[in-house]
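The values are calculated or read from the model by the stated rules, or taken from the named source; none is laboratory data. For clarity, every value in this text was computed on a predicted model and none was experimentally measured. All Cβ positions, glycine included, derive from the backbone under ideal geometry; neighbour counts span all protein chains shown.
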Amino acid sequence: MAKKAKETQAVKPINTDSKFHYTMHLMKMNQSCYWMMLPFFLLFTLFTIIPVVMSLPLGLTSFNLVQFPKYIGLQNFYSLFVNDDIFLIAIKNTLIFAVFTGPFSYVLSFLLAWLINEMNPVLKVFFTFVFYAPSMTPSAYVIWQLVFSGDSYGYLNSVLMDLGIINSAKQWLTDTRYMMTVVIIVQLWMSMGAGFLALRAGFQGIDTALYEAGAIEGIQNRFQELFTITIPAMGPSLLFAAVLAISGAFTVGTVGQQLCGLPSTGYAVHTIMNHANDYGSIRYEMGYASAICFVLFAVMLITNHVIRKVLSKYTD
Amino acid sequence: MAEQIMDSLESANAKALKKLRKRQKRKGDIEKARVKKSKGKHINGSLGGDICIFILLFLLGLFMIFPLYYSIVQSLKPISELFVFPPKLYVLSPTGENFSNLFKVAGNLWVPFSRYVFNSVFITIVITILHVFTVCCCAYVLSKCPQIPGYGFANQLIVTSMLFTSTATWIMQFVIMAKMGMINTYWALILPQVATPMGLYLMRQNMSTINDAVIDAAKVDGAGAFRTCWQVVIPNQKPAIATLIIFVFQGAWNIQGGALVYKEALKTLPTIMTQIAASGIARQGVIYASAVVLMIPPLVIFLIAQSNVMETMANSGMKD
């Protein structure tokens, strides 16, 4: 798309003498487009862009919400990387979570959306509902706490003990050996949310005439159809789900906090997000929390850039 | 020489005949496929595959639907069953006691209960309408008008903003709202929700799959940007809009005013439900009952939105 914009601009201006005038001319020509963008961008600037821009300098201050922010330079970032060993643990945990939950939840939601798309219309609605249900149920964590409960009445423990696989109850949520695995599983289970629904919409938006054409051209089975027609046709939805998967994978933290508490035993599932929440909403050191958020933002921005490069190779 | 030519001609003839037969056979297949499709089945699928997929999805589905099932079961349990440990996964003597308790408490509130219901319904509807309208207009420009200056920058801005976490920004958001005098009004609940970038990016990505030729045709016919958007592009975006409505409705319905609204008469239904549920340990069943009650509107919207998306609607009138 951006390439196209350059091409149209590269056309020699007819009735103008400088680039500035030409831009003004284009803006005047497309006035209605700007009017259409105005309502959203007005609110978006007010409630997202200005707060983000205003909170970036907070990372350079010491701010406790009561006194006026005091400028302390790069000291926050210095202590983050040099003095704060918990932050280093948090980075390590976040990367582990991102590597395991991000790609897996992305592929999983794509596969499920595809399989559901193969069903007949009534079953489609039914299964979409079933797989989206965890996102609509507020008490989802309570169930997992029961399943992974540390005493012998916990569902997982009692089943495993009945089968004779383990002899004594395992502390799934407080033993540092199991915590990471447990949280990754629950996170994957929770991940059938927005990305999944968007992919479903992407599948439904594909022109059915393409499939008929494919059948005429000699496509034999579902898999050929998937790789030759479906994936190229829904490139933009794939990108959208990828962005959601990235931001979801790097901001993992709520699940760990709900299941294992904050801070978790030995910081085994402590992530950057948990660290930011710890300083932001418990200790009220907003300057430090902003610095943490900024680091997280930078990491996500780089990942997003890389993934877009890779995906655009396949989808265009 | 002549014989060779004759031979090659013959073989070419035979090849052509073979091709023709193959094509006829394929044509038959296609006709069969058409018949199949009219029954609502997939064009390149087989019955065996369908059954395999169904079994797989069904088993995974049991795993996914579990918390929903559990919440409903818990809300129907009488007190004697609620405190059994470990909790049973079924209910022996279902009762509506929890629900009637919930509404009994709700009926004795200082501000009439209907006021909270009105607040939630009102802001949810306003947010949904405003969000869908502004997002559709903006997404059309961001996906289909690359000639305007600032196009690339605006797109980059939307994607980047989706990656920013709110932990650091909520203070500044509050400061801005306070400066504008929005705290303690409906505006504080409505406007920030209208401006979320996720829905915009969803619509933008979906609209970019629409054929440029259709938009050019609309332009030639004399339609302006606004008219092209609402009469040509939007009618072809039903699946995406259904998804957008589900997202925004669910988000809006679950708004917990929090620090933004502290006047009792402006609080939303989820806030008051949490307050009722949090006021005592003996109310275990009431917590689940309130969760179930709160879940109903998003569920209804979800089912309506999803089942209205007809496959045949997608890209109708998009033939080249």
Unique residue being assigned to a helix (DSSP H, G or I), more than 7 Å from every other protein chain (Cβ to nearest Cβ) and under 18 Å from the mean Cα position of the chain (by Cα) when the list is A:Phe97, A:Phe126: A:Phe97
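Would you point out which residue out of B:Val117, B:Val121, B:Val141 is part of a helix (DSSP H, G or I) and closer than 30 Å to A:Cys33 by Cα?
Unique residue meeting the criteria: B:Val141.
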Residues of the range A:159-197 classified as more than 27 Å from the chain's Cα centre (by Cα) and either within 22 Å of B:Ile65 (Cβ to Cβ) or away from every other protein chain (no Cβ under 14 Å) (or both), total: 11
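Would you say B:Ala252 is in contact (Cβ under 8 Å) with a residue 40 or more places away in the chain and in contact with a helix residue (DSSP H, G or I) (Cβ under 6 Å, 6 or more places away or on another chain)? Before you say what the answer is, go through the steps one by one.
Values: in contact (Cβ under 8 Å) with a residue 40 or more places away in the chain: yes; in contact with a helix residue (DSSP H, G or I) (Cβ under 6 Å, 6 or more places away or on another chain): yes.
When the stated conditions are applied, B:Ala252 passes them.
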Sole exception among (1) under 28 Å from the mean Cα position of the chain (by Cα); (2) modelled with pLDDT of 80 or more for B:Thr274, by number: (2)
Residue in the range B:217-233 that is more than 30 Å from A:Ile206 (Cα to Cα) and either touching a residue at least 60 places away in the same chain (Cβ under 8 Å) or assigned to a helix (DSSP H, G or I) (or both) present: no
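Mind listing whichever residues of the range B:69-89 are assigned to a loop (DSSP other than H, G, I, E, B) and at pLDDT below 80? Don't jump to the end; show me each part of the working.
First pass over the range B:69-89, keeping only residues assigned to a loop (DSSP other than H, G, I, E, B): B:77-78, B:83-89.
Answer for the range B:69-89, where residues must be assigned to a loop (DSSP other than H, G, I, E, B) and at pLDDT below 80: B:Phe83, B:Val84, B:Phe85, B:Pro86, B:Pro87, B:Lys88, B:Leu89.
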Residue within the range A:58-79 that is within 20 Å of the chain's Cα centre (by Cα), within 13 Å of chain B (Cβ to nearest Cβ) and part of a helix (DSSP H, G or I) present: no
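Give B:Asn184, B:Asn155 a once-over and let me know the one that is polar (S, T, N, Q), touching a residue at least 24 places away in the same chain (Cβ under 8 Å), assigned to a loop (DSSP other than H, G, I, E, B) and more than 7 Å from chain A (Cβ to nearest Cβ).
On the way: B:Asn155 fails: assigned to a loop (DSSP other than H, G, I, E, B).
It is B:Asn184.
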In the range B:257-283, residue surrounded by the fewest Cβ atoms within 10 Å (Cβ to Cβ) [restricted to those that are within 11 Å of chain A (Cβ to nearest Cβ) and of a type outside the set (A, V, I, L, M)]: B:Thr274
Selection status of B:Ala223, more than 10 Å from every other protein chain (Cβ to nearest Cβ) and buried (at least 20 other Cβ atoms within 10 Å of the Cβ): no
Among residues of the range A:225-268, those that are away from chain B (no Cβ under 11 Å), within 18 Å of the chain's Cα centre (by Cα) and in contact (Cβ under 8 Å) with a residue 60 or more places away in the chain, counted: 5
Filtered residue count, the range A:139-154, keeping only those that are more than 9 Å from chain B (Cβ to nearest Cβ), polar (S, T, N, Q) and either over 13 Å from A:Lys170 (Cβ atoms) or buried (at least 17 other Cβ atoms within 10 Å of the Cβ) (or both): 1
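Residue-by-condition table, conditions (1) without any contact (Cβ under 8 Å) to a residue 24 or more places away in the chain; (2) surrounded by 20 or more Cβ atoms within 10 Å (Cβ to Cβ); (3) more than 7 Å from chain A (Cβ to nearest Cβ):
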{"site": "B:Val126", "(1), (2), (3)": "no, no, yes"}
{"site": "B:Cys136", "(1), (2), (3)": "no, yes, yes"}
{"site": "B:Ser143", "(1), (2), (3)": "no, yes, yes"}
{"site": "B:Tyr151", "(1), (2), (3)": "yes, yes, no"}
{"site": "B:Val159", "(1), (2), (3)": "no, no, no"}
{"site": "B:Ser166", "(1), (2), (3)": "yes, no, yes"}
